[in-house]
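What follows is one structure encoded as structure tokens, with my remarks underneath.
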Amino acid sequence: MGNIVAIVGRPNVGKSTLFNRLTKSRKAIVNEQSGTTRDRQYGKCEWNGREFSVIDTGGWVLNSDDVFEEEIKKHVTVAVDEADLILFVVDVQNGITDLDSEVASLLRKAQKPIIVVSNKSDTFDWQYNTAEFYSLGLGDPFMVSAINGLGTGELLDVIVEKLGDDNIDEELDIELPRFAIVGRPNAGKSSIVNAFVGEERTIVTDIPGTTRDSIYTRFNKFGHDFYLVDTAGIRKKAKVQEDLEYYSVVRSIRAIENSDVCILMIDATRGVESQDMNIFSLIQKNRKGLVVAVNKWDLIPNKETNDTKKIESTIREKFAPFTDFPIVFTSATTKQRILKVVELAVEVYKNKQKKVPTAKLNEFFLPLIENYPPPALKGKYIKIKYVTQLPNTQIPTFIFFANLPQYVKEPYKRFLENKLRSKWDFCGTQVHVFIRQK
């Protein structure tokens, strides 16, 4: 990958704020609490016609009580290895600390272009304190304020200059499908992302709430090309204690809104719980495609042949009336059937985009409706003469034109939808059926 800029530094120096400023987004969670960012977060920045990737990393810490310390350090190291240019962020208001010196020592070994970013220079009065960072031996410190944007334009000029000419074919900014992996905390969402991409892309522990940001990862293997979105676990509002977790849940909900297909992870050891149904309802309200992955299937003892059928039946019963979605039994740790999850998500995405020619719709439905017409109401006979699919809709939407649309009730609409699904495969996606005046 070319033109990658990594943002590194100790905790709470404003790395995520700078990331959001450079990418013109709010992808990374910003909070005064140290250790907010844990996983690598990727974004795009464009400046003066040049585009480059930006990586936000967790704060580098030593000998702390944070159980994620080793994993965060590992992810910082990976980000530094991936990067073509490193932004070493320091806090001008606190000066140089022992952790800053540790990070500087790490970066010297990397032997890559480095820009020391003297952050929190909220006014020009702090410019005199910036000189202290010359002692790090990493070049001229650059004074910025990520929170109000002071100096960021000049910083971007220097970044583009140091990246030099782009002699690598840059990734086209094409609209790729987005598959969001959602579910309750500790259902195995991050584990399955790591299994998909074949590397430790996100931190995995047994502690619920490990993932906080929504992490986008491009999957470009086996003839597929899409984004996987690892999200924070969504738990009941009453159980959300920390402000940070609240932001994470909001970010997960936003990831669902921005996705095309949601892979709902259900913990096989716990079964379908009320919160799974709430997340399913959220997916339905946002009209997203759905694949249900029953994870941790390897932990179920004494499995019998018909166990999967029983569990499938239970899931569909609880998620009724929408039951036309694929269910796959997986294990992220043993990689059992994980590629099947990918294949089903791609299939559901194609079903969402499916267009049925008007001629084929009328050829199928008009004889069917003639044999099974809508029930007469108040002595009025309903005649449906024409059917077509609306273009450019979020989900497949079909209009049936009738003389008395107000008399066509929900049971008959469901009959039409079921016939649609039996003739054309719309598995995993909702279908809208409307009756309109001809």
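We did not get these values from a lab; they are worked out from the coordinates using the rules stated. Remember, predicted model here, so these are calculated numbers, not experimental data.
Before moving on, here are some points about what is shown:
- Derived scalar couplings between HN and Hα for the range 289-300 equal x, 9, 10, 9, 10, 8, 8, 6, 5, 5, 8, 7 Hz in order, rounded to whole Hz, by the Karplus curve 6.51 cos²θ - 1.76 cosθ + 1.60 (θ = phi - 60°), x for Gly and Pro.
- Table column - 3J(HN,Hα) (Hz), the range 368-380, Karplus curve with 6.51, -1.76, 1.60, x for Gly and Pro: 5, 5, 5, 7, 10, x, x, x, 5, 9, 6, x, 9
- Unsatisfied cross-links (Cα-Cα over 26 Å) in the set 354/413; 352/419; 288/383; 383/419; 303/335: 288/383
- The length gained by stretching the chain between residue 47 and residue 350 to full extension, at 0.36 nm per residue less their Cα-Cα distance, is 105.6 nm.
- Anisotropy class of the range 280-340 from Cα gyration tensor, a/c 1.5 cut: oblate
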